[in-house]
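A quick write-up on the structure given underneath.
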Amino acid sequence: MAGRFSGVGRWIRNHKILSVVLLLLSLPAWEILTIPWWNIINLPSENPTRTSLMRQRIEEAEESQTTLTIRHQWIPLHKLPRHTLDAVIVAEDGTFYSHGGFDWFEVKESINRNLEEGKAVRGASTITQQLAKNLYLSTSKTFLRKMKEALITVALEEHLSKQRILELYLNVIEWGPGIFGIQAASRHYFGKSAADLTLEESLRLAAVIPSPLRYRPDSDRGYVIRRVGLLRDRMIRSGKLKE
């Protein structure tokens, strides 16, 4: 099983054009037309100001008859500490620099784990996939949304450098109610620019990325403390941090 799956992964990576065609054929024409292709093409030089997830959170607040203030500040990637980038990568996508948008090993492991549990308990989204969802889609888990996410992921990998993908990701993902991007998160939770984040603060921010509306990076809840320790161990094992 593992051999067949890895073989499929290699085949897709080596046939990008064909994989895009297959994705296109799997989507209704009107859904393909709703993908903002021109916006994706402009992403190498243009910074997004309002994302699909931001709009979704505003709509959710309005439906519950509350007001949500969006806090979002941009910071260039080169101003962020190296340990901050490393913490986020080991937390969310350890093979970020070597894959083409999809981590096929994690996909296989996720499928096996979810089959064992009989429910979705493990995800396998890469940083690029998460960026696609945050920028243009919703948090729904429908098959159609996942197919559009895959197609956008391919487009992002084709048009953007890895550094640009990481910069966009860090500047748009959610870090709490109305808090988007690492600069706004750093100022809100630690009272400083993200350029001045310590290793501990970086690990805490990375630790809550999977559940930013449930956990705060500045809290001492068991989940946060355990995950910070796990990420620190990963950084040591990967050679990004000395013991």
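Evaluating kT/(6 pi eta Rh) at 20 °C and 1.002 mPa s, with the Kirkwood radius of the range 142-219 over Cα pairs in the Stokes-Einstein relation, gives 155 µm² s⁻¹. With a threshold of 23 Å on the Cα-Cα distance, the over-threshold entries among LYS141/LYS240; LYS192/LYS242; LYS162/LYS240 are LYS141/LYS240; LYS192/LYS242.
Counted by neighbouring Cβ atoms within 10 Å, the residues THR67, THR84 run from fewest to most as THR67, THR84.
Sparse packing (at most 12 other Cβ atoms within 10 Å of the Cβ) combined with a DSSP loop state is found for the following chymotrypsin sites (Phe, Trp or Tyr not before Pro) in the range 59-103: TYR97.
The alpha-carbon atoms of the range 185-232, seen along their principal axes, cover 25, 22, 16 angstrom, with the largest extent given first. Taking other Cβ atoms within 10 Å as a rough exposure proxy, ASP93, ASP196, ASP220 sort from fewest to most as ASP220, ASP196, ASP93. In plain terms, the residue of MET54, MET147 with the fewest other Cβ atoms within 10 Å comes first and the most crowded comes last, giving MET147, MET54.
Laboratory data are not the source of any read-out in this text; all were calculated from the coordinates shown. Just so it is clear, the structure is predicted and the values come from calculations on it, not from any experiment. Cβ coordinates were reconstructed from backbone atoms using ideal geometry, including for glycine residues, and neighbour counts include every protein chain displayed.
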